[in-house]
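The values are calculated or read from the model by the stated rules, or taken from the named source; none is laboratory data. Remember, predicted model here, so these are calculated numbers, not experimental data. Positions of Cβ are generated from backbone atoms using ideal geometry, with glycine treated the same way; all protein chains shown enter the neighbour counts. Just the protein is used for accessible areas: all its heavy atoms, side chains included, with ligands, DNA and RNA removed. Shrake-Rupley method; radii C 1.70, N 1.55, O 1.52, S 1.80 Å.
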Amino acid sequence: MKAFPMRDMLTRPKVLWLLFGATLAMTVAFGLVMKIWQFELIDEMYLPDQIKAHLASLTPNQKYVHAWVTATLDVAYPLAYGGFFIGMALRFFGRYGAWLALPGVLVIPVDLAEGVVQILLLNGVESVLGYKQILTPLKLGLFFPGLAIAALGGLMAARRKWRK
């Protein structure tokens, strides 16, 4: 059995561009939601006091919108950026690609689990706050290496193209 059964699909240039474009579009969408409804997402917050204070500052409508965005857009988002990170690592790093794809592989379920915790928090279930303290730093600790690997793969691709 292959380590990455979707390897052939995820490493196709058209798929990589689609995942990249979807990631960018969703990033912009998050920004628009925050601007329109005038609140900050709790996606990068992990300190209990900061989260509690932020949640207390949100109106019921802002909490509703935040939960809705987390249940929709923030489900698709890790699939897009995670798939992009995986595909870039597998495409551009040869025999090390499978190892370098691991941050992209692992960040997807961590980000999805964090989303479940966030929806619970936004609905007043404070007993899950401890999970947020673990999941958010873990997500960020996987996201940034995955991003760096994908960026390096992109630079390698650009270099190859310029040398032709």
| task | Within the stretch 127-143, which residues have the backbone N less than 19 Å from the label spot 7 Å out from residue 116 along Cα→beta-carbon, could you tell me? | result | 127-140
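On the protein heavy atoms, probe 1.4 angstrom, tell me the percent of accessible surface of the chain carried by carbon and sulfur.
Numbers: 6660 of 9630 Å².
The nonpolar share, carbon plus sulfur, comes to 69 percent.
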| How many angstrom separate the Cα center of the stretch 55-72 from the Cα center of the stretch 86-164? | 24 Å
| query | Which value in deg cm²/dmol, rounded to the nearest 500, describes the helix-derived mean residue ellipticity at 222 nm for the chain, given -39,500 (n - 2.57) per DSSP H run of n ≥ 4 and division by the residue count? | reply | -26500 deg cm²/dmol
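Counting every Cα pair in the stretch 89-129, what percent are over 11 Å apart? Could you put the intermediate results ahead of the total?
Working: 544 of 820 pairs.
Summing the P(r) of the stretch 89-129 above 11 Å gives 66 percent of all pairs.
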| remark: Helix 13-37 sits off the longest principal axis of the Cα atoms of the chain, rounded to the nearest 10 on a 0 to 90 degree scale, by 20 degrees
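Keeping every protein chain present and rolling a 1.4 Å probe, give me the accessible area per residue for the stretch 36-159 in Å². Intermediate results must be reported in sequence, preceding the final value.
Details: 6170 Å² over 124 residues.
It amounts to 50 Å² per residue over the stretch 36-159.
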| By the gyration tensor of its Cα atoms, with a ≥ b ≥ c the square roots of the eigenvalues, what is the shape of the stretch 66-137: rounded for a/c under 1.5, prolate for a/b over b/c, or oblate? | oblate
| message | Can you compute the label reach from residue 8? Point 7 Å from Cα along the Cβ direction, backbone N cut-off under 20 Å, restricted to the stretch 71-95. | response | 83-84, 86-95
| task | May I ask you to compute the full-extension gain from residue 47 to residue 61, defined as 0.36 nm times their residue separation minus their alpha-carbon distance, rounded to one decimal in nm? | result | 2.7 nm
| task | Enter the per residue convex hull volume of the chain, computed from alpha-carbon coordinates, in Å³ rounded to the nearest integer. | result | 119 Å³
| note | Rounded to the angstrom and largest first, Cα extents along the principal axes for the stretch 29-120 equal 50, 26, 17
